[in-house]
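Since the structure comes first, as structure tokens, the remarks are kept for the end.
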């Protein structure tokens, strides 16, 4: 007989398990793109994504690029160019992902020694982030800390028992972080 059990708390956020688990990169304002149209070098351009999220292309004008993947943007350009070019084949490459620095950060705020916004690293946990921030300060209500995570456009909130994690070694809420996660440690009421 084989039995399975899990120590993961009900409602706990899913942990990342390594390469390939992160969503496909979404183009952002400030990114630089190289757009190549096969056999049409006059339509192939290097272009930045403007503050309004759009790019300008020969023949077709302005196209919304922000929040699309390279594949999605390529499909939009193919559809728009089809009126001018027979069977266009378009490749979009993000040559300078300037917006990714902001998207690929994790943050810790509130009652910690040094609130921080740091680059995300695979495998990083809540405890790693708290230690980088110098731990809770003297005014922290550490067991009321929260993890805020954007899941499919909705903010999910997960409770963190930070005092139990640090002082008792209770790993139950030592969640694996994902890009853009925010850990907030409130101050206790006096």
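Each value in this text was obtained by applying a stated rule to the coordinates, not by laboratory testing. Bear in mind the structure is a predicted one, so any value in this text is a computation, not a measurement. Quick reminder, even Gly has a Cβ in these numbers, built from the backbone with ideal geometry, and neighbours come from all protein chains shown.
Need one number: nm distance between label points at residue 34 and residue 69, each 7 Å from Cα along Cα→Cβ, rounded to one decimal.
Going from the residue 34 label point to the residue 69 one covers 2.1 nm.
If I model a spin label as a point 7 Å beyond the Cα along the Cα-Cβ vector, how far apart are those points for residue 148 and residue 118 in nm?
2.0
Divide by every residue of the chain the summed helix terms, -39500 (n - 2.57) for each DSSP H run of at least 4, and state the resulting mean residue ellipticity at 222 nm, rounded to the nearest 500 deg cm²/dmol.
Result for the chain: -4000 deg cm²/dmol, rounded to the nearest 500.
On each of the three principal axes of the Cα atoms of region 32-99, give max minus min coordinate, whole Å, ordered largest first.
Principal-axis extents of region 32-99 (Cα, largest first): 33, 19, 18 Å.
Order by neighbour count: 77, 60, fewest other Cβ atoms within 10 Å first, most last.
With the fewest neighbours first, 77, 60 line up as 60, 77.
Against the globular-protein guess of 2.2 N^0.38 Å, express the Cα radius of gyration of the chain as a ratio, rounded to two decimals.
1.37
Where the centre of each part is set by its Cα atoms, how far does region 37-55 sit from region 129-146, in angstrom?
Measuring centre to centre over Cα atoms gives 46 Å.
Mean shadow of region 82-190, computed from the convex hull of its alpha carbons, in nm²?
If you wrap the Cα atoms of region 82-190 in a convex hull and average its projections, you get 10.1 nm².
By counting other Cβ atoms within 10 Å of each Cβ, how are 164, 52, 181 ranked from fewest to most?
In order of increasing Cβ crowding within 10 Å: 52, 164, 181.
With a Förster radius of 30 Å, plug the Cβ-Cβ distance of residue 42 and residue 102 into 1/(1 + (r/R0)^6) and report the FRET value to the nearest 0.05.
Working from the Cβ atoms, E equals 0.30.
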